[in-house]
Amino acid sequence: HGCCAVAGVLPSDCCRDLAAFVDAELARVITLIAEAPDDDARKALEESHYGSVRARRQRWDLKLPLEPVVREAVESIVSSLRGLLEGTVELEGNLVELSCLITDPGAERQNVHVDTGGWKTACAPLLTVFVALQDITAAMGPTILHPGTHNDPYIQQWLTVMPGEQRTPEQFGGGVPGVCACGTAVLMNSRLLHCGGANLSAEQAGSRRRLLYMTWQKPRNTNHGSTYTLRQELAGRYHVRSEE
């Protein structure tokens, strides 16, 4: 299907601690950028701390430093999913993304998209692991997944000619919203159609959604299209085997 969910990969106390760290780090970065002396400094800080994310209002893609609370979470997740990771990206699979997607009430739904193309090539797709740092409800704008679209040549070819702003979940069957409990992981093939949902207003039960994610790349398989959201000092340093 190109995606699956695994419950309980990260204990609730780790989720709570990491969520608190993410909130504090995001607040620090927002202040740092706001106080930048000029546009060039502001742009440099944004590139250093944020990944490229669609529909950016009330939505952030925060690159994570490998602080102890982050490392503990990564080690716990890899330990829980070792068999799946070894079977897809191998033990030498390289960590190419480590970040947290954050949305607040008012964030709009993204357009449906894939993270990498290349369905015609022999290049293996990336594997992204999303982990909910709190329970995710429908009002919080869960990720909408479209199972089976990762290897559908008709859909993949259609994406090359269909403008991004016209891609809605309804055009692809509605999708499956990633409503889940805290600590649940959703594993996703990077060629799968998906999008971030709309985080409703606080009056409509919307609230902050924090989604830790890490992406793994099979050795010698550099994909086209990925944002490779990773702090520069972590590039090339960590593999599945590293977290044993």
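The values are calculated or read from the model by the stated rules, or taken from the named source; none is laboratory data. Predicted, not measured: the structure shown is a model, and the values here were computed from it. Glycine gets a Cβ as well: all are built from the backbone with ideal geometry, and neighbour counts include every protein chain shown. For the accessible areas, the whole protein counts, side chains as well, though only heavy atoms, and no ligand, DNA or RNA atoms are used. Shrake-Rupley method; radii C 1.70, N 1.55, O 1.52, S 1.80 Å.
Candidates in region 8-41 are the residues that are open to solvent by less than 20 Å² (accessible area, probe 1.4 Å), in a helix (DSSP H, G or I) and in contact (Cβ under 8 Å) with a residue 60 or more places away in the chain; of these, the one that is farthest from Ile102 (Cα to Cα) is Cys14. Might you check whether a residue that is free of Cβ contacts under 8 Å to residues at least 40 places away in the same chain, of a type in the set (Lys, Arg) and not in a strand (DSSP E or B) occurs anywhere in region 100-119? So far as region 100-119 goes, no, none of its residues is free of Cβ contacts under 8 Å to residues at least 40 places away in the same chain, of a type in the set (Lys, Arg) and not in a strand (DSSP E or B).
Conditions (1) under 19 Å from Val53 (Cβ atoms); (2) at pLDDT 90 or above, marked per residue:
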site: Gly164; (1), (2): yes, no
site: Gly174; (1), (2): no, no
site: Thr184; (1), (2): no, yes
site: Met188; (1), (2): yes, yes
site: Glu243; (1), (2): no, no
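Restricting attention to region 62-87, the residues that are under 16 Å from the mean Cα position of the chain (by Cα), among the aliphatic types (A, V, I, L, M) and assigned to a loop (DSSP other than H, G, I, E, B) add up to 1. Beta carbons closer than 8 Å, at least 6 apart along the sequence or on distinct chains, pair a first residue in region 49-66 that is without any contact (Cβ under 8 Å) to a residue 24 or more places away in the chain with a second that is open to solvent by less than 50 Å² (accessible area, probe 1.4 Å) and part of a helix (DSSP H, G or I) for His49/Val29; His49/Ile33; Tyr50/Val29.
A quick yes/no check of all residues on (1) of a type in the set (D, E, K, R); (2) open to solvent by 50 Å² or more (accessible area, probe 1.4 Å); (3) closer than 13 Å to Leu212 by Cα:
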position	(1), (2), (3)
Lys43	yes, yes, no
Val74	no, no, yes
Glu92	yes, yes, no
Ala107	no, no, no
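Scanning region 51-64 for residues that are out of contact with any Pro (no Cβ under 8 Å at 6 or more places or on another chain) and modelled with pLDDT under 95 yields Gly51, Ser52, Val53, Arg54, Ala55, Arg56, Arg57. Applying the selection to region 45-64, what residues are surrounded by 14 or more Cβ atoms within 10 Å (Cβ to Cβ), within 15 Å of Leu230 (Cβ to Cβ) and of a type outside the set (D, E, K, R)? His49, Tyr50, Gly51, Val53, Leu62, Leu64, listed by residue number. Exactly one residue out of Thr143, Thr137 is within 25 Å of Ser99 (Cα to Cα), surrounded by fewer than 22 Cβ atoms within 10 Å (Cβ to Cβ) and at pLDDT 95 or above, and it is Thr137.
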